[in-house]
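Everything below concerns the one structure shown next.
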Amino acid sequence: MEQQRPIEEQIDLPFLESLRISFQSLKIRFGRSIITTAGITLGIAFLVSVWTNNEIEFALQESGRSSEITNIDEAAEQGISTKDIWLIIMSLIVCVVGIANSMLMAVTERFREIGTMKCLGALDGFVVRLFLLESGFQGFAGALIGALIGLLGAVILGLKNYGLDLFFYFPLLPARPENGPFQLGVLLLILFGCVLGMILAVIGSSFPAWRAAKLPPAEAMRTEV
Amino acid sequence: MPDIVVKTEDVVKEYRMGSNVLRALDGINIEIQRGEYISLMGPSGSGKSTLFNMIGALDRPTEGEVYIDGQNMSHLSQRQIAAFRCHRVGYIFQSYNLLNVRTAHGNVTLPMIFAGIPEKQRNEKAEKLLDKVGLGDRMYHLPDELSGGQRQRVAIARALANDPSIILADEPTANLDTITGREIIDLIKQLNTEQGVTVISATHDLKMLDVSDRIVDIRDGLVERIRNRDEIEIEVGEVGGHE
């Protein structure tokens, strides 16, 4: 008899199934995904261009080709100027705030969807995992494109300032590690940009997703954006 | 002995809005038998949707207990509540609540994905269910490409995906025109009679009256009265006369 039948425990879904659902969601919501991803792209492009520009300047200062520098020894000693550090930190902040904002919006407008999935039997952890996967992929793709755009911007500016000399002294690899964390070299910088974009996107979306997943479905579905 | 599927004991629900406390449910006691078609009726703000949420484990009561199949819902773990929503209940909402990124077919398969049903089996079942609700030819359309009535049919097919013993319908006809609303009511009634599914519906649609076994009138968060089918039929005649 059905009465008194104990209620079983909900099962975990295989990872592949989550991956499939999250990709499908990104694909169908392509237009919206592009806008969210563009937020990440812009943030990282700004950061990478400022930073690369700085590295180029530093590399050329060291080689004595910079037009802006008069005392090469002094520049090499100082490494990176306070103004440049300030600019990099500012671009980092813009990047963090921009990405967090676009991810927050992207998740908040889907509260109803989260509530509905919970009505159909989704576990809280599954909902969070779905958003983690989606945002991780968006973050990585957006950041990679952003890093390349930023690099291109910095190269164009470098060419304008230093001409073809730029390519002889191009700081692909870390120049002088003793100068601190701001001399990464362009390759590492791109990698850093991608990882940063991905981490920020994941953090930016997993917090609101986790909050929504914890809400009773009725409340999640009631939430108006 | 009657087979009680849902029982509520002094269920109270309060919402806090700043310093104000709104008491949406003020001590509800009802018992619903297996296979019944129950309509929760009442004006907007009477608490019927709140009660609907309590019975469907979509929200937690502030006080009191809800028993489903003899089990106290407040004693269940998160995993058990998820399994309960997945297997025991099918939800139908006023605003359909379909996932817009999934086709009609994709919406119907989703609860079966959560239940761990293999792909081939769930695809076949989704096709069968969509056929049954009359959407055999629009299976792979996105919700945005369907009319209101068609979307509600998808929602009904989705609600049936894991063969629930209870269908919970919150104002299922409120966004539909009279004829489409009638069709949806008939479809839900058909499930009730043919498959013995218990139907609990929050509504203020008078068309729901003549298919209900019992009507629970809710007012100001309390059960005002419970009417049986024979009492209802007389009143439906009267209502029809005024229209």
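Here, each number is a calculation from the coordinates, and none is a lab measurement. Predicted model, so just to flag it, every value in this text is computed and none were measured. Positions of Cβ are backbone-derived with ideal geometry, glycine not excepted, and every protein chain shown enters the neighbour counts.
The figures follow:
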read-out	value
Reciprocal of mean inverse Cα separation for the stretch B:70-157 (Kirkwood radius, Å)	13.8
Ascending count of other beta-carbon atoms within 10 Å, so fewest first, for B:75, B:87, B:141	B:75, B:141, B:87
Kirkwood Rh, angstrom, the protein assembly as shown [1 / mean 1/r, Cα pairs]	25.4
Filtered chymotrypsin sites (Phe, Trp or Tyr not before Pro), the stretch B:58-166: DSSP coil and at most 14 other beta carbons within 10 Å	B:140
Within a Gaussian network of chain B (alpha carbon springs, distance under 10 Å), most fluctuating of B:231, B:183, B:127	B:231
Packing-based exposure ordering (other Cβ within 10 Å, fewest first) of A:92, A:187	A:187, A:92
Relative counts (whole %) of C-alpha pair distances in the stretch A:15-222, using bins that are 10 Å wide	9, 30, 26, 16, 11, 6, 1
Signed unit charges on C-beta, dipole axis of the stretch A:15-222, positive-most listed residue A:22, A:158, A:168	A:22
Where N is the number of residues in the stretch B:139-187, Cα Rg divided by 2.2 N^0.38 Å	1.16
Residues B:52, A:15, sorted so that the one with the fewest Cβ neighbours within 10 Å comes first	A:15, B:52
Helix-derived mean residue ellipticity, 222 nm - over the protein assembly as shown, DSSP H n ≥ 4, -39500 (n - 2.57), to 500	-18000 deg cm²/dmol
Cα-based radius of gyration of chain B once divided by 2.2 N^0.38 Å, which approximates compact folds	1.01
Percent of beta bridges antiparallel (DSSP, chain B, rounded to nearest 5)	55
Long-range Cα-Cα pairs in the stretch B:96-213 (distance over 24 Å), rounded percent	22
Cβ-placed point charges (K, R +1; D, E -1), dipole of the stretch A:15-222 about Cα centre in debye, nearest 20	1320
